[in-house]
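Read the structure below first, then the notes.
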Amino acid sequence: MPNRNPTSFSSYVALCFMIFSNVALVTSKSTIEPCSNSDSCNALLGYNLYTDLKVAEVASLFQVDPISILTANAIDISYPDVENHILPSNLFLKIPILCSCVDGIRKSVSTKYKTRPQDTLSSIADSIYAGLVSADQIKEANSISDPSVLDVGENLVVPLPCTCFNGTDNGLPAIYLSYVVKAVDTLAGIAASYSTTITDLMNVNAMGSTSIKAGDILAVPLSACASNFPRYASDYGMIVPNGSYAITASHCVQCSCGPGSRNLYCMPSSLAVSCSSMQCKSSNLKLGNVTVQQSSAGCNVTSCAYGGYANGTIITWLSSSLQPRCPGPQQFPPLLAPPTHVTRDSAFAPAPAPQSDGGSTTTVPKTVPSTGSLPGLAPAGAPIGSTSDASTLVNLVAAVPTALMIFLLIKLIPPFSL
């Protein structure tokens, strides 16, 4: 009998194990945005409540101001004790966060979670944070050697996904929502729900096809109104999505982005109690006041606008301009009552696949816009951000029929003797 390498069979078994292990370790796909500076920017997270929670409890999970969550979702903050209002399970909310540049990519690392009895990394990632992070990401961010042992009361850093892309989309102001794909979602349904296009979603997320799966995390551009506050202002870079508003200047100022608008409009908020002066210098106009005067040359418009918040002072500036026609009344986002339940047609339901009149899911043909790209590669003109190369490779391996893989591996294994 010829001599055979005794390690040949074990090597091929190890190869087989590694391939199938990698297939099992497919993780959620998310957009990665490279960055090179330490600036923070505004972003949003799409979050589904895993149980009934008070507004303040949701805010604590993400370490943000409870009022900022309400305003980002156009919920009326004038209700008594609104921070302690109980929000229903499965409610979908947009959570405003600061997106930082860490180790060359955009992500939020300001969120910390205090562990409780019965917590596991998987339950924290999949349930409490609704798939916005993976157990492995939490493990890596906290250098956890044994994930089966979590001390009660331990503060864990929870790295959450976010993108900014300079606060623009196709050259217009935008804020980006990190959206976790649900099993019923289609790319067409998500695009329709957020007033964008399939092509735009594919470009932003560097997708080679319209195929998505549950657990993927997509960056969804939302049209918005951008501020032009100076860098020294604490609210520098503030951007507000269409149809919502934001509170700033220690709850003294409310800025809104009306439906179909690109102009940020700021005025004193309903929470203003002890605030610095909001009157424009050399004028009797206060923040948010606008005067118009028709003339033969057009319309003279004078306004007292908000210029940011610095060192406890509300900055205002007076502007005058001659416009072809006088502006109409200011359009405000319609405010919603604090929600107590969730229905399919609720404004707080997650973006579903398009539905027919009968309520059944409509089949949407998965056509790929002509981009000149191969599957798995970024479409032409896509931003630098892209999905994980490792995830794409694993998905390609996973697409190979299991029986074919086993057949090929058997053919590669040389004969051996016991």
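FYI, it's all coordinate maths here, none of it is from the lab. From a predicted model like this one, the values you see are computed outputs, not experimental measurements. In this analysis, Cβ positions are derived from the backbone assuming ideal geometry, glycine residues included, and neighbour counts consider all displayed protein chains.
Values for this structure:
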read-out: Ranked I217, I128, criterion: other C-beta atoms within 10 Å, fewest first; value: I128, I217
read-out: Extent along principal axes [Cα atoms of segment 41-84; Å; largest to smallest]; value: 30, 24, 16
read-out: P(r) tail fraction, segment 244-323 - alpha-carbon pairs more than 14 Å apart, %; value: 63
read-out: Placed amide H near D169: partners under 5 Å, 5+ positions off or other chain; value: A174
read-out: Net charge contributed by nearby residues that have their C-beta within less than 13 Å of R106 (K/R +1, D/E -1); value: -2
read-out: Inter-label distance, nm, simple model (7 Å from Cα along the C-beta direction), K281/S195; value: 3.7
read-out: Relative contact order for segment 244-323, counting Cα pairs under 8 Å that sit 6 or more residues apart, in percent; value: 23
read-out: Long-range amide H partners of C162 with built H, under 5 Å; value: S108
read-out: In order through segment 135-145: 3J(HN,Hα) via Karplus (6.51 cos²θ - 1.76 cosθ + 1.60), integer Hz, x for Gly, Pro; value: 4, 5, 5, 5, 4, 5, 5, 10, 6, 7, 7
read-out: Kirkwood Rh in Å, taken over all unlike Cα pairs in segment 129-175; value: 13.2
read-out: Segment D151-S274, length gained on full extension (0.36 nm per residue, minus Cα span); value: 40.0 nm
